[in-house]
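Engineer: Pasting a structure here, questions to come.
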Amino acid sequence: MSRMTERGEPPEDLLEGRMGRPQRHRLLQGYPAVPLMRPAAPGTWPGRARLADGALQDVSRALALRIPARRDEVADEPPWMALDATRPLIIGVIPHTQCVPSVRGCGFCTFPHDAPDKREREVVIEGVCAEIARVAALNDDALRGREVRAVYFGGGTANLASVGDVRHIFGALAEHVDLSQAEVTLEGVPSLFRTRLSAHLRGLARLEARHKRISMGIQTFEPAAIQRMGRAAFGDHAVVCKVVRRAHGLGLTTSGDLLLNLPGQTTAQMLDDVDKAIESGLDQICLYNLVLYAGLGTLWSEDPEVLAAMRTNAEALDGWLRTRERLLAAGFVQTTLTNFERAEVHASERRFVYEEASFTPETYDALGFGPLAISTFLDFGSGRGVKLMRRKRIHAVPWSGGDLYFPYDAADLRLLFLTRTLARTRLERATYLRLFGADVLDEFGEIFAASTAAGLTTVEGDRIELTPEGMFFSDALVGLLAASRAEALRAEAAGVRTRDLHAATVDRSAQVYRGMG
């Protein structure tokens, strides 16, 4: 392999340059990023859409007759890959994109956040249920007989949806797949899990699934920071403790997200947040380094005073290392880049399955429903796969028109595997060899040599692992791994940025689904 990997520079210099930039979460977001994806059905009339196997097909007859799409009716392109029904599924559901902070959005937030509107939310949730039926009707071979290991209701303040809404979506899924052995997670803000006599917790506990859990966006317990975010009504430490106790009483496990390196935040404040999270009894605690830099597109990124209060990468690394060490010393096990579980939970059937599965692409396919939901179907035997992403305007046929699509070839599958697997903080060379017939160090050896020399990875026998420093700078590593391929893909991409997707409005015409059953 040539030592010149990008712009003719050696990998060690390129890696050093990337380590000096703001660190994002591309390992968590998956390859390829939105700007490299393509229009799902460019320039075609509304009756044509992508299927889960990548075929571009006229689906109007299938929709009208409520039958699976036929392979002899291919409109433009044949199937890109063969679907494998033996691969288990994880299912992600974004029931809506609304949130209720007292300021416009949460200034730090890189997720879509629309103002609360009950009527619009009801329309979108109906659209999600109808979307499930449409995907099932058009892609019978993507669902029939699949084992579902986990379902995640998230993407923001999912528990802003009512208990009945969650049950409605769960029921729509259960019409097409067996959820009895699945883990089900409901994400949201702590205070909404306490409303109406803990109705959401009781409703979740009653779902007919193997295990249920909640995930709470806590961010921080520091009052001034919570106020700045407009999250004062979302719940303080006392509220989180009460929710955890109530959830445990109903047999649910609990998870909480904390942000690190907020503007002006000290290491002592971060450690205090972690200590409070531990004291609350949470089963899982997730640590996320704040992504914030000029030009990001979030509200805080447009405020010079906020940007000036950001910690340097060296300071932010120290915050990460010390909070991570605090959790490990308290008996937590690190399972992914961001997730820490109590050892006794991790060793049981109550461990968090969805995130582990999402970072195991050699085993699992993923199916997403709702605005901005992502699906991936993979066939490592043929060296092909498909990634599909919905826009916020979910009234259209799934994976049509302005939705996004990406066909993985053998080179792309390698990058998908590397970037997803490293989110588990390690990769096994034997697994890479089994999937691709080559040693990962023969194909990416110079980049891993540079990352090892920089103290970001270790190579011991069959295993390549991220060091604690490498976990913080993982964005630099994954950016370097994908840089050359990403440059080659830009010419065919749709040119859509993530912020463009988030800024789009949810279309009320989603209620057209009601007329379609």
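The values are calculated or read from the model by the stated rules, or taken from the named source; none is laboratory data. Fair warning: this is a prediction, and the values are worked out from it, not measured in the lab. Reconstructed Cβ throughout: ideal geometry from the backbone, glycine too, with neighbour counts over all protein chains shown.
Engineer: Of the residues LEU292, LEU271, LEU317, LEU287, which single one is within 24 Å of VAL100 (Cβ to Cβ) and either in a helix (DSSP H, G or I) or under 26 Å from the mean Cα position of the chain (by Cα) (or both)?
Structural biologist: Unique residue meeting the criteria: LEU292.
Engineer: Among the numbered criteria (1) modelled with pLDDT of 90 or more; (2) crowded, with 21+ Cβ neighbours inside 10 Å; (3) of a type in the set (S, T, N, Q), which single criterion is violated by THR86?
Structural biologist: (2) is the only condition that THR86 fails.
Engineer: Please enumerate the residues belonging to segment 312-356 that are in contact with a helix residue (DSSP H, G or I) (Cβ under 7 Å, 6 or more places away or on another chain), over 30 Å from ARG210 (Cα atoms) and without any contact (Cβ under 8 Å) to a residue 60 or more places away in the chain.
Structural biologist: ASP318, GLY319, ARG322, ARG326 - these are the residues of segment 312-356 that are in contact with a helix residue (DSSP H, G or I) (Cβ under 7 Å, 6 or more places away or on another chain), over 30 Å from ARG210 (Cα atoms) and without any contact (Cβ under 8 Å) to a residue 60 or more places away in the chain.
Engineer: Scan (1) part of a helix (DSSP H, G or I); (2) of a type in the set (D, E, K, R); (3) within 19 Å of HIS25 (Cα to Cα) for the single condition ASP257 breaks and write down its number.
Structural biologist: Checking ASP257 against (1) part of a helix (DSSP H, G or I); (2) of a type in the set (D, E, K, R); (3) within 19 Å of HIS25 (Cα to Cα), the one that fails is (1).
Engineer: Looking only at segment 69-81, how many residues end up being surrounded by 13 or more Cβ atoms within 10 Å (Cβ to Cβ), out of contact with any helix residue (DSSP H, G or I) (no Cβ under 6 Å at 6 or more places or on another chain) and either at pLDDT below 70 or among the hydrophobic types (A, V, I, L, M, F, W, C) (or both)?
Structural biologist: 6
Engineer: In addition: Need the failing condition index for GLY295 against (1) within 28 Å of VAL240 (Cβ to Cβ); (2) surrounded by fewer than 18 Cβ atoms within 10 Å (Cβ to Cβ); (3) of a type outside the set (S, T, N, Q), just the number.
Structural biologist: That leaves (1) as the condition not met.
Engineer: Among the candidates GLY319, GLY297, GLY370, which residue alone is on the phi > 0 side of the Ramachandran plot, assigned by TED's automatic domain parsing to the domain that holds THR157 and not aromatic (Phe, Trp, Tyr)?
Structural biologist: On inspection, the qualifying residue turns out to be GLY297.
Engineer: Looking for whichever is out of contact with any helix residue (DSSP H, G or I) (no Cβ under 7 Å at 6 or more places or on another chain) and in a loop (DSSP other than H, G, I, E, B) here; the options are GLY156, GLY107. Which one fits?
Structural biologist: GLY156
Engineer: Can you tell me which residue is surrounded by the most Cβ atoms within 10 Å (Cβ to Cβ) among those in segment 183-238 that are in contact with a helix residue (DSSP H, G or I) (Cβ under 7 Å, 6 or more places away or on another chain) and part of a loop (DSSP other than H, G, I, E, B)?
Structural biologist: Across segment 183-238, the extreme among qualifying residues is VAL189.
Engineer: Which condition does THR363 not pass, out of (1) closer than 30 Å to ALA133 by Cβ; (2) buried (at least 19 other Cβ atoms within 10 Å of the Cβ); (3) of a type in the set (Ser, Thr, Tyr), if it passes all the others?
Structural biologist: Only one criterion in (1) closer than 30 Å to ALA133 by Cβ; (2) buried (at least 19 other Cβ atoms within 10 Å of the Cβ); (3) of a type in the set (Ser, Thr, Tyr) is unmet by THR363, namely (2).
Engineer: Collect the residues in segment 396-415 that are in contact (Cβ under 8 Å) with a residue 40 or more places away in the chain, surrounded by fewer than 22 Cβ atoms within 10 Å (Cβ to Cβ) and closer than 18 Å to ARG384 by Cα, keeping them in residue-number order.
Structural biologist: PRO407, ALA411, ASP412, LEU415
Engineer: Here's something else I'd like to know. Could you say whether any residue in segment 352-374 is of a type in the set (D, E, K, R), under 21 Å from PHE153 (Cβ atoms), in a strand (DSSP E or B) and within 14 Å of the chain's Cα centre (by Cα)?
Structural biologist: Checked segment 352-374: at least one residue is of a type in the set (D, E, K, R), under 21 Å from PHE153 (Cβ atoms), in a strand (DSSP E or B) and within 14 Å of the chain's Cα centre (by Cα).
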